[in-house]
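Q: If you scroll down you'll find the structure; I have some questions about it.
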Amino acid sequence: MTALILRDVRRGLSGGTATIVIGFFLLVTILFPFAIGPDGAVLARVGGGVIWAAALLAALLPVERLVAPDLEAGVFDQLAVRGHSLVAVAAAKMLAHWIGFAPLMMVAAVAAAGLLDLSAATLLRVELGLLLGTPGLAALGVATGALTASLRGAGALAGIVMLPLAVPVLIFGAGALEGGAGAFKLLAAVSLLLVAGAPFVAGGAIRAGMR
């Protein structure tokens, strides 16, 4: 599993996937101030929510590349023949996906906070929220990629499948900017639920796609 995780991380970083994700994230946060004007008070009030919306949309971008290439190449068949559980394989891919985009996104959020005139306290809450919420987004990404891997038009379908399921992460993540510790607990609970359940969904979908 360690070799699979390292391979996926290297592929994401060297293949440009991470660059696309972070580039899209920053592009959204750069364009938003142009759309609503330079009012610092308005930007500070809605900036945290903008960062969360940008993070959700950016996490959706690489979904097509998370599972489908390995399914077509027969990688999962080889892993299954060697006795590896597809649930464990899916969990490894989720970890690799998170390593490939979440830390970079948290660094990029610092630049986004400057563009959106966020205070240091708000930035700290954004970063803590991303730390808690991005594992759930990574889990959803791999599960969605597995569910749509063998379907035509997987990119469009991925958005339809993933976005509604990711709404609780977005709601609690943005809500944690104003709420107390309870909001972070709800965000962590939703993310943990996704991380715990997604490997079984993804593993089953991968097994179905291998037939």
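The values are calculated or read from the model by the stated rules, or taken from the named source; none is laboratory data. None of the values given here were measured: they were computed from a predicted structure. Every residue, glycine among them, receives a Cβ derived from its backbone with ideal geometry; neighbour counts consider all protein chains shown. Remember, those area values only see protein heavy atoms, side chains included, never the ligands or the DNA or RNA. Shrake-Rupley method; radii C 1.70, N 1.55, O 1.52, S 1.80 Å.
Q: Label points 7 Å out from Cα along the Cβ direction at Ala41 and Ala196: separation in nm?
A: In this crude label model, Ala41 to Ala196 measures out at 4.4 nm.
Q: Taking the 0 to 90 degree range and rounding to the nearest ten, how far is the long axis of helix 40-60 tilted relative to the main principal axis of the chain, both from C-alpha atoms?
A: 10 degrees
Q: If the only charges are +1 at each Lys and Arg Cβ and -1 at each Asp and Glu Cβ, what is the size of the charge dipole of the range 70-176 around the Cα centre, to the nearest 20 debye?
A: Computed about the Cα centre, the dipole is about 120 debye.
Q: May I ask you to give the percent of accessible area on the range 107-211 that is carbon plus sulfur, with a probe radius of 1.4 Å?
A: Solvent-exposed carbon and sulfur of the range 107-211 make up 74 percent of the total.
Q: Using Cα pairs closer than 8 Å and at least 6 residues apart in sequence, work out the relative contact order for the chain, in percent.
A: 30 percent
Q: Something else about it: Along the Cα-to-Cβ line of Arg207, 7 Å from the Cα, sits a label point; which residues in the range 62-104 have backbone N less than 11 Å from it?
A: Counting only backbone N, you get 85-88.
Q: Next question, about the same structure. Angle check, please: helix 2-14 long axis (alpha carbons) against the longest principal axis of the chain (alpha carbons), in degrees 0 to 90, nearest 10.
A: Orientation of helix 2-14: about 50 degrees from the principal axis.
Q: Another question about this same structure. Between Gln78 and Glu127, what FRET efficiency follows from the Cβ-Cβ distance if R0 is 41 Å, with the result rounded to 0.05?
A: Here the calculated transfer efficiency is 0.60.
Q: Ignoring everything except DSSP H segments at least 4 long, calculate the 222 nm mean residue ellipticity for the chain; use -39,500 (n - 2.57) per segment, divide by total residues, nearest 500.
A: Calculated at 222 nm, the ellipticity per residue is -29000 deg cm²/dmol.
Q: Under a point-charge model restricted to the Cβ atoms of Lys and Arg (+1) and Asp and Glu (-1), what is the dipole moment magnitude of the chain relative to its Cα centre, in debye to the nearest 20?
A: 500 debye
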